[in-house]
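Notes for the one structure printed next.
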Amino acid sequence: MKRTAAGLPLSYRLAVISRSLAALLGGYLLASMVSICVALLAPMPQVDATLTGLLLSFVFYLLAFVWCFACRSAWRAWLGVLLPSLVLAMVNGLAYWMKNP
């Protein structure tokens, strides 16, 4: 017999929790990676690049949050947030290494 609370099965509730964690934690990770990437790679003064990266991080956090709840599955939500974060982390590492040999 399935456990339900308010008529919702346990698997559905766990999927919503997983999407919420993907949106909160994965979205934060993606937003911070975008912010660092823009700050390192933007062809403008460092202060302006940092501020631009900070402002763009809010947009990417919102997009990650929307993405996590628009996906068909929680696995796809996690993949759609963690894969770009991993790519941006590698780009950030390479950009940092090129600027500070």
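Just so you know, all these numbers are worked out from the coordinates, no wet-lab data involved. The shown structure was predicted, so the numbers you read here are calculated from the model rather than taken from an experiment. For neighbour counting, all protein chains shown are included, and Cβ atoms are generated from backbone atoms with ideal geometry for every residue, glycine included.
A few comments on the model shown:
- When Arg72, Arg19, Arg13 are arranged by Cβ crowding within 10 Å, least crowded first, meaning fewest neighbours, the order is Arg72, Arg13, Arg19.
- For Met44, Met33, order by how many other beta-carbon atoms lie within 10 Å, fewest first: Met44, Met33
- Which labelled figure in [x] 13.2, 42; [y] 17.3, 63; [z] 23.4, 70 is Rg and Dmax of the Cα atoms in Å, once derived from the coordinates: [y]
- 5 angstrom amide H check on Ala42, placed H, neighbours 5+ away: none
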